Each structure stands twice: as C-alpha cells, then as structure tokens.
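First the structure, in the form of structure tokens, and then the observations on it.
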C-alpha cells in the first residue's frame with residue numbers, strides 16, 4: 001500500500017537505515033510517498049514539484065524488499081499526479097539496477113554530472129509525461 005505522508009517521523013526508521021542522520025529538506029513543494037507492507041514502512045520516494053516540473057530527490061527500499069516492484073510502484077504512483085509534465089533525477093553511473101528501473105519507466109539519459117556523487121559521475125535522467 002502506498003500513502004502520501006507529511007509527517008516524516010512516521011518513516012524515521014527508514015531514514016536511519018538509508019543514511020545516518022538523514023534530514024531531507026521538507027517544504028511546501030516536497031512530497032513523500034511511503035510504501036507500507038504488513039503495517040511496516042519498507043520504502044519511500046521523496047520528490048519536489050515546482051509547477052509542472054518534478055524532481056525525484058530520493059528513493060529507497062529496504063534490502064529485503066528490493067526487486068519486488070516497490071520502487072517502480074512508488075514512481076508510478078508519483079506519475080499519477082496530473083500536474084506533472086516532466087520528471088528529472090540523478091543516479092550514480094554504477095547503479096545498474098536503478099538505471100534499468102528508470103529506463104523501464106521511460107526515463108532517458110540527458111547529461112552526465114562529473115563527480116556528482118563524491119567523485120563518482122551521476123547521470124541526469126528525464127521523463128516527459130504525456
């Protein structure tokens with residue numbers, strides 16, 4: 001089950017597993033979708049929306065729940081927002097699983113960001129929503 005949440009304390013445990021002392025920037029343009037299974041949050045997607053432009057800030061699924069379509073479900077739920085015309089994201093060049101996921105949803109590589117991830121290149125990807 002996917003739900004939109006405003007209170008990030010609901011998924012603090014996920015943040016702690018994702019990044020030590022992670023505090024995403026939450027403002028009026030930030031949306032959080034959380035995937036819940038058996039009363040436990042197992043994944044989240046954070047995106048910002050400015051007019052018709054969305055940017056995926058973070059997406060995370062617990063290791064034991066990966067490769068079950070949760071990440072894809074979160075992205076597809078975000079894309080149900082009718083005001084979104086395009087979505088961008090950055091991904092490490094060596095994150096093959098994520099790149100395959102984004103390609104399967106229709107994201108296209110538009111640029112390389114040299115050294116974006118502590119010296120590792122990032123790929124800027126774009127999906128235009130029809």
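Here is how the numbers come out for the structure above:
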read-out	value
Positions within region 91-104 being exposed (fewer than 14 other Cβ atoms within 10 Å of the Cβ) and part of a loop (DSSP other than H, G, I, E, B), in sequence order	94
Residue in region 7-32 that is surrounded by the fewest Cβ atoms within 10 Å (Cβ to Cβ), counting only those that are modelled with pLDDT of 85 or more and more than 11 Å from residue 58 (Cβ to Cβ)	28
Selection count, region 48-74, where residues are surrounded by fewer than 20 Cβ atoms within 10 Å (Cβ to Cβ) and either without any contact (Cβ under 8 Å) to a residue 40 or more places away in the chain or in the same structural domain as residue 95 (by TED's automatic domain parsing) (or both)	16
Some residue of region 75-90 being outside the structural domain of residue 123 (by TED's automatic domain parsing), outside any strand (DSSP E or B) and within 10 Å of the chain's Cα centre (by Cα)	yes
Test result for residue 42, more than 11 Å from the chain's Cα centre (by Cα), assigned to a strand (DSSP E or B) and not assigned by TED's automatic domain parsing to the domain that holds residue 129	yes
Boolean, residue 45 is more than 13 Å from residue 33 (Cβ to Cβ), buried (at least 16 other Cβ atoms within 10 Å of the Cβ), touching a residue at least 12 places away in the same chain (Cβ under 8 Å) and touching a helix residue (DSSP H, G or I) at 6+ places or on another chain (Cβ under 9 Å)	no
Answer residue from region 105-130, given it is touching a strand residue (DSSP E or B) at 6+ places or on another chain (Cβ under 7 Å) and outside any strand (DSSP E or B) and is modelled with the lowest pLDDT among those	129
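The values are calculated or read from the model by the stated rules, or taken from the named source; none is laboratory data. As the structure is a computational prediction, the values presented were derived from the model and not from experiment. Counting neighbours? That spans all protein chains shown, and the Cβs are built from the backbone with ideal geometry, glycine included.
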